[in-house]
Amino acid sequence: MSNECADLDLICIRHASISSKFRLAGFPHSVESTSSFLCLAELLLPTVEMLMFQHSYAYDSSAPPRIGDLSDLAGDAFETLAEWTDRPLALFGHGRGAHLAYRVARRLERETGTIPATLFVSGAGAERAEISDSGPELRCPIVALTGETDRRTPVSAVRNWRHRTSGTFDLEVFPGARGYLDISRRQVANLVHDQLLVSENKGA
């Protein structure tokens, strides 16, 4: 069994000649799950510039790497994104990436005063036991996405994200299980685009 951990690289996907109004930081679930975010970026340009985190590792390893500790990864991602806050910044995490995006959003608010335009959490539940006794830890809007037949992540668990913010919360349920980021990619892109426009109008 390999003890090697994946690190994070940042890929910026932007229009060659048109400046985007928003930035969206994408946090994939695993080392090999970035394709959905690449497709999403194509649909969001030029309005939204994608900052996609990619798990990297030494490709000559004989075994696939494991994803490193979320606290360490969140620290690396936070330090990187702190330099990209000159325009509205949203975060989108899928699966394990949703929990990573949440940790980064929390640090952005606490340590830089930057309130993300929206935190999108996809295919992941929020355990009530993890919620601080002092109340919600975020001020930014949260939009949670899930598949209606995903047995590993029931809608009730995804709905628990509403307790993580004092801002607005929306739940979007897509047909199928865990493949909605690809099957319903245009609907997901429209959701992101419309949500960011709403947050701009509200002065988020």
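The values are calculated or read from the model by the stated rules, or taken from the named source; none is laboratory data. Computed from a predicted structure; not experimentally measured. Here Cβ is always computed from backbone atoms with ideal geometry, including for glycine, and neighbour counts include all displayed protein chains. These area figures cover heavy atoms from the full protein model, side chains too; ligands, DNA and RNA do not enter into them. Shrake-Rupley method; radii C 1.70, N 1.55, O 1.52, S 1.80 Å.
Quick notes on this one:
- The stretch 84-204 - charge dipole about Cα centre, Lys and Arg +1 at Cβ, Asp and Glu -1, debye rounded to 20: 200 debye
- Placing +1 on the Cβ of every Lys and Arg and -1 on the Cβ of every Asp and Glu, with no other charges, gives the stretch 151-204 a dipole of roughly 320 debye about its Cα centre.
- With all protein chains in place and ligands, DNA and RNA left out, the 1.4 Å accessible area ranks Ser184, Ser156 as Ser156, Ser184, largest first.
- Semi-axes of the equivalent ellipsoid of the stretch 119-202 are 22, 19, 7 Å, computed as sqrt(5λ) over the eigenvalues of the C-alpha gyration tensor in descending order.
- Length, then width, then depth: along the principal axes, the Cα atoms of the stretch 71-174 run 39, 26, 25 Å.
- Shape of the stretch 74-115, Cα gyration tensor, a/c cut at 1.5: prolate
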